[in-house]
Amino acid sequence: MVGTALVFAGTLVVAVAAASALSAGVFVGLFCVGAGMGLAEIAINIEGADVERLTEKPLLPALHGCFSLGTLCGALLSMMLAHLGLSVVVHLTLISLLCAPAAVWACLQVPHGVGRENAMSTSDDPEKAEDRAAVWPDRKLIMIGLIVLALAMAEGSATDWLPLLMVDGHGFDPASSALIYAGFAGAMTVGRFCGNYVLHRVSREAVIRGSALFGATGLALVIFSESPTLAAFAVVLWGLGASLGFPVGISAAGDSERHGARRVAAVATLGYLAFLVGPPSLGFLGEAYGLRSAMLVVMVLVACVFVLAPAVRSERKARRGAERV
C-alpha cells in the first residue's frame, strides 16, 4: 500500500514540478515513483513466489505479464495523447487520477496480515542472524541473481533506449520508433502470459536457455543488421527473450522453504539494480561509441545466461525424485 501511494504521489509531483519548471521537484517525484515501484514489486514477488511454492503451479509469469500489459497500454496511450497534442503534465495527471482508485481498490482486497506470518515466525529465531548471512554465499542463488540481472538489463535497456536506438541507429522517425517499442512491450506481454503454459510442459532450465537464445539473437540482429525492417522485427525476439527471465528467476529463488522470502528479495533487488544502473551506463557508452555498439554489452550478458541456466532447476522436483528413489 505504501509503495502504491508513493508511485501515484510521485507521479503527481512530477506533473506539478514539470508545469512549474522545477527540476528539483521532478527529481523528488521520480525518486518517489522509483522507490514506490521497488517496494510494491518486491512485496508482490515475495507473495507470488510463496503462493507458487504452496500450490506448485507457475504463477509469476502471469503476474509479470500484467505488468507488461500495463507497459503496453501505457505506450499506446502515450502515443494517442501525444497525437492529440496533450502535454506531459496533463498526461501524468490523468494517469494518476484514473489509475490510483483502481490500485487502492486492489490493495484493499488483499487479506489483512498477508506477509506477516513468516516475518513473525522468524523474529524470535536465535539463528536469525546466521540465516540472513547464509543467503548470499549460496552459489546457486548468485547464479540465479546473475540471470535475473542480465535479463532485467535486457528489458530495462529496451525501455529506456529502444526508441532512440531505432531513430539514431536505423533511421526510423519518432512515431515509428514508438510503435516498434510497443511491439517490444507486446512481445514481453505475450511471452509472460504464455509462460505458465510453457512451464507446465518444459523445465525452467529449458525456458531460460530459450530466453537467452531468443534475446541474444534479437539483440545481435538489431546491432549488426543493416536492414531497418529486419532490425524492427528482431525487436520481437528481443522482447520474447527478456520476458521470462525475471519471473522464472524469482520462482527459482523462492524454492527454499526456510529462506524463500529473503532469497526472493535478494534476487529481485539485483534485478532492480539492473534497471537502475544499466540504462544510464549504456547511455554513457552510447555517447562515446553509439547506441548500437553500447548494446553489445547487453547482448553478451544475455548470451551468458545460456551457461547459467542450470541454476534455475526446481529443488522441489529434485526432492520428490529423491524421495521416490
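Highest GNM mean-square fluctuation among Ala182, Ala19, Ala311, for the chain modelled with Cα contacts below 10 Å: Ala19.
Longest segment of the chain with no trypsin sites (Lys or Arg not before Pro) in a DSSP loop having at most 16 other Cβ atoms within 10 Å? Kindly include the intermediate steps, with their values, before the conclusion.
Details: sites that count: Arg116, Arg258, Arg313.
The reported range is 117-257.
For segment 130-230, the share of alpha carbon pairs falling in successive 5 Å distance bins from zero is 2, 10, 16, 20, 16, 12, 10, 6, 3, 2, 1, 0 percent. Taking the helices alone, the chain has a mean residue ellipticity at 222 nm of -28500 deg cm²/dmol, built from -39,500 (n - 2.57) per DSSP H run of at least 4 residues and averaged over all its residues. Each listed q (0.07, 0.09, 0.10, 0.12 Å⁻¹) maps to a log10 I(q)/I(0) for the chain from the Debye sum over equal C-alpha point scatterers, namely -0.30, -0.50, -0.61, -0.88. What is the list of residues in segment 273-302 whose amide nitrogen lies under 18 Å from a point 7 angstrom out from the Cα of Asp168, following Cα to Cβ? The answer is 277-299.
FYI, it's all coordinate maths here, none of it is from the lab. Source: prediction; values computed, not measured. FYI the Cβ positions are ideal-geometry reconstructions off the backbone, even for glycines, and counts take in every protein chain you see.
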